[in-house]
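**Q** So that we are looking at the same thing, I have put the structure below in structure tokens.
The values are calculated or read from the model by the stated rules, or taken from the named source; none is laboratory data. Since we're looking at a predicted model, the values are computed, not measured. Here Cβ is always computed from backbone atoms with ideal geometry, including for glycine, and neighbour counts include all displayed protein chains.
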Amino acid sequence: MMNTISFLLCIIASAVLAAGCSDSGKQVSVPQTVTQPKSAPTATTAQPVTEEQMAPLYAYRPAGRRDPFTPIVIKEEKKALSGAKAPLERYLLTEFKLAGIVWGGLGYHAMLEGPDGKGYFVKVGSVVGPNHGVIKKITSNSMTIEEKFKDPSGEFNKKEIVIELRKKQEGTP
């Protein structure tokens, strides 16, 4: 029973396809193109070209815009290393912890703990970090570092970073 139904469906499908493919009764018309013989241009057919027809649709004006082909992030040229960097210049400023501040007759001095676990004593004017941050101020509970950096437009800007002395939490010895 199933084979008979599928056989009948195949015959009907092939009949429909065959009927759709026949060309009987249909005429296909192909449009004819009329070509005119080319002749020398006359003064009445030539039209002058105006500026409106010659002007481009869009013109780029770079005034006040950055060059699209320069990189956004500008890296400093790597300087030739004549020797190893000082230990304070190897690590980022965020990796240091302000362990303590000492003051006396010579002013304030701070002790920084590096990520290597070593302690470093610094004073105002010391250079810290790979971007040559300079310590500008040390108070009884914080330290201020000024770092110069180059922004995407190529100008040098200053950024102040404040590292505060961590107080002991309650309940810890």
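**Q** Among what's in the stretch 108-150 and is without any contact (Cβ under 8 Å) to a residue 40 or more places away in the chain and within 30 Å of P68 (Cβ to Cβ), pick the residue that is surrounded by the most Cβ atoms within 10 Å (Cβ to Cβ).
**A** Filtering the stretch 108-150 for residues that are without any contact (Cβ under 8 Å) to a residue 40 or more places away in the chain and within 30 Å of P68 (Cβ to Cβ), the one surrounded by the most Cβ atoms within 10 Å (Cβ to Cβ) comes out as N131.
**Q** For the stretch 124-148, give me each residue that is assigned to a loop (DSSP other than H, G, I, E, B) and closer than 16 Å to E89 by Cβ. I'd like the intermediate steps shown before the answer.
**A** If we filter the stretch 124-148 for residues that are assigned to a loop (DSSP other than H, G, I, E, B), which is where we start, we get 124-126, 129-132, 139-141.
Across the stretch 124-148, the qualifying residues are G125, S126, G129, P130, N131, H132.
**Q** Out of the stretch 51-85, which residues are surrounded by 10 or more Cβ atoms within 10 Å (Cβ to Cβ) and at pLDDT below 80?
**A** I74, K85
**Q** Right, another one. Would you mind telling me which numbered condition in (1) touching a residue at least 12 places away in the same chain (Cβ under 8 Å); (2) within 34 Å of the chain's Cα centre (by Cα) T94 fails?
**A** (1)
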